[in-house]
Amino acid sequence: MGWKDFFGFGKKDKEADKETDNITNISLSSIKPGYFLDYDLKTWEVTARHHYDWGDSDLSYEWQLKSHDETIYLSRESDDQVDWTVARPISFLKLGSHIRKHIEEHEDPPDEIEFESIKYYLAESGGGHFFKDGTGPGQAFISWDYEDESGKKYLSIEQWGEDEFEASAGQLVEEYQFTNILPGKNTA
Amino acid sequence: MSFFSRIFKIGQSEIHSTLDKFEDPIKLTEQGIRDLKKDLQDAMTSLAEVKAISIRTRRDADNKKKLAADYERKAMILLQQAQGGALDMADAERLAAEALSKKEQQANDALRVSTEADRHEKMANQLQANVNKIKSTISTYENDLITLKARAKTASSTKKINQQLAKIDSSGTIAMLEKMKAKVEEDESLAIAYADIATPDKTIDDEINSALKAGKTSTVSTDLLELKKKMGIL
């Protein structure tokens, strides 16, 4: 330990050095708002990082990515393995008015939903708390997750409060599909 | 070469030689890589700025295009309303003309901003290629350094072992082993000496048994005699 460490002067330098050391090897899990990355032939800016608490210390993370013309959500779930999904918000109405009716009558949506000529099957449902930007007391919600026969395409319905519904359609992605990860000016 | 130049050259070479002894090539290479990474960080920051501008400009161009289309739609609605009698035709035409003028302005702006976005995207691609090149270079250097570190360690260990095997290193392991061997031999000799001192005198019974043993001819000797007789040597 040098005198700089003793008085805490060297700490900032060391942290900066660590950041510099990792600059050639930035992982997808470490992206933060302000970062940029390439996916699906477009450049995206990371504009938010939220997380979901499903109880029993089960957390999943979600990043909001914006290109010039659309917004997508990149999610990371780790169970036995790490799964990455990309979802695009869709209008809940696009799923058909019978879905809302079904929920009102049975407190659950149907086990099968057809959307854009693809049949989705209910895979799991549950409740949790959503932490916008990773902070706050957390907002309670219920979600129903559907997947197609291949298990690669997803559909998700979320209920917020009494009668507010949101839907998104997504797909399983691989980490290598995200390239040129770049920290922004004020993120290093 | 003048006398003073020669003196200077000698001094210079001595200084270089001394400095060489202090330099650790591995540490110097590590520092070189760290410096490269700092340069890379700066390049990445610039690239991030260009990418941010590029996204913003493209979004701006898209919005202007949408706005132009919206003014055209409004102009059409105005004329339709006038046609249906809901609006005075003269007013409708005047407003539609205004809307079309704004549409033209937005379309021109969209074109200009779109060209800017193209330029920013091109620049971002060029910078990205440079950043990737630096990353690749750093990665190659890092891998080379790992191999060199391993080679340096192995070479150092091999040098030590070979020195010891060649007994060049008198204060090393071989010398210590020799010293220990001498000490063990000394202890063993002492143990034997103590054992001899501790052994009691032979008893009468021991002497009798020993004499009897000496009187016995061994089977091997008997066999030898028989063989000699058979061969006619005896």
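The values are calculated or read from the model by the stated rules, or taken from the named source; none is laboratory data. The shown structure was predicted, so the numbers you read here are calculated from the model rather than taken from an experiment. So basically every Cβ, Gly included, is an ideal-geometry build from the backbone, and we count neighbours across all protein chains shown. Ligands, DNA and RNA are stripped out before the accessible areas are found, and what is left, the full protein with its side chains, is counted by its heavy atoms. Shrake-Rupley method; radii C 1.70, N 1.55, O 1.52, S 1.80 Å.
In table form, for the structure just shown:
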item: Rounded if a/c under 1.5, otherwise prolate or oblate - the stretch A:127-178, Cα gyration tensor axes; result: oblate
item: 1.4 Å probe accessible area per residue over chain B, in Å²; result: 78 Å²
item: At least 10 Å² of accessible area lost relative to the chain alone, listed for the stretch A:146-188 with a 1.4 Å probe; result: A:180, A:181, A:182, A:183, A:185, A:188
item: Under 5 Å, built H, 5+ apart or other chain: amide partners of residue A:115; result: A:120
item: Cβ-derived FRET efficiency at R0 56 Å, residue B:185 paired with residue A:56, nearest 0.05; result: 0.20
item: Percent RCO, i.e. relative contact order, over chain A, from Cα pairs under 8 Å lying at least 6 residues apart; result: 22 percent
item: Only Lys, Arg (+1) and Asp, Glu (-1) charged, at Cβ; chain B dipole about Cα centre in debye; result: 800 debye
item: Where A meets B: accessible area buried, both sides, 1.4 Å probe, Å²; result: 1800 Å²
item: Accessible area (Å², per residue) of chain A, counting only protein heavy atoms and a probe of 1.4 Å; result: 60 Å²
item: Ranked by how many other beta carbons lie within 10 Å on average, peptides A:123-135, B:149-161 from highest; result: A:123-135, B:149-161
item: Percent carbon-and-sulfur accessible area, the stretch B:103-184, ignoring ligands, DNA and RNA, probe 1.4 Å; result: 58 percent
item: At least 50 Å² accessible surface lost relative to isolated chain, residues of the stretch B:34-49 (1.4 Å probe); result: B:37, B:41, B:44, B:48
item: Carbon and sulfur %, accessible surface of the stretch A:104-156 computed with the full protein complex present, 1.4 Å; result: 44 percent
